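All remarks here apply to the structure that follows.
Only the coordinates and a few stated rules stand behind these numbers; no lab work does. Since the model is a prediction, treat every value here as computed from it, not as a measurement. Cβ placement follows ideal geometry from the backbone for every residue including glycine, while neighbour counts extend to all protein chains displayed.
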Amino acid sequence: MFEGFRIMFWGIFFVTFHINLGPIAILPIFVGYMMVSRGIEHLQAEYDSVHFQKARINSMLLTILGVFSFLLLWLQPKPSILMNYYPLLFSVLELSLVYRILEGTMEYLKEHGEQEQADGYRSEQRTYTIFMTIYIIGMCIAITFAEATLSFAMIIIGLFLRLWLMAMLGRLKRSSPEKVDSISNEGPSEDNHPEEQYAEDDKADDDYTGNNNPESLNSEVNSKGDSGKNSKGNDISTVIDMEIDHRGLPYE
């Protein structure tokens, strides 16, 4: 699920921060929603949940609405009054999208024995739902009564909610059970065998101790001394024989 959360993180990032080249949008919002849909597809491959299925339907609807809004910018630069409420439809679908993603994720975490982590995301889900509902109601009032101050305040809340969502996806990405398991299962490589290495070290220590005990050292010294004496005796006898031979020769 790590890959799915990673793709969704960047999808929400491109939905939140638009990249425009003058009047031309290089990365329109429907590209971000397409990435979110792709990320949910990865989640479904890991864990088939009805919540992920409904979340993917929401992401595809958001993608279609994103394409429609992108075309409206070219065909109708000055939107009508009814089109001012168009962004609220995105917000309602996005609320349902995040709710379903978190529901499926908590279900997945519970099945993998991460009950405490699932309870933590349950609390965040409730908080996100409350603040997103306040944002939708506030934007509806601001658009209806043309309240600039309220509209600005709701925009700040909406940006805060997007950043919160990205932070939550980042935590889910880092704490995915299969990622944690892969890290914890990493042990010493096949080339490094600690038990064999310890056995070899003990054997080397035993050999070193056996070869360097006092008795072996004394015997080695005595053997070297005896060999030295024998070699010196042989040299002296050789010199005497040569002297005798030399003296035994007749003088010319």
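If you take the Cα atoms of the range 2-178, find Rg, then find the Kirkwood Rh from the mean of 1/r over all pairs, what is Rg/Rh?
Values: Rg = 16.8 Å, Rh = 17.0 Å.
In the range 2-178, Rg relative to Rh is 0.99.
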**Item:** Segment Phe17-Thr129, length gained on full extension (0.36 nm per residue, minus Cα span)
**Value:** 38.1 nm
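Which net charge results for the neighbourhood of Met8, defined as the other residues with beta-carbon distances under 9 angstrom from its beta-carbon, given Lys and Arg at +1 and Asp and Glu at -1?
Working: positive: Arg6, Arg38, Lys173; negative: none.
Counting the neighbours of Met8, the net charge comes to +3.
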**Asked** Exposure proxy check: Phe52, Phe131, Phe9 ranked by fewest other beta carbons within 10 Å?
**Response** Phe131, Phe9, Phe52
**Request:** Between His112 and Leu75, take the C-beta separation as r, use R0 = 41 Å, and let me know the FRET efficiency to the nearest 0.05.
**Result:** 0.25
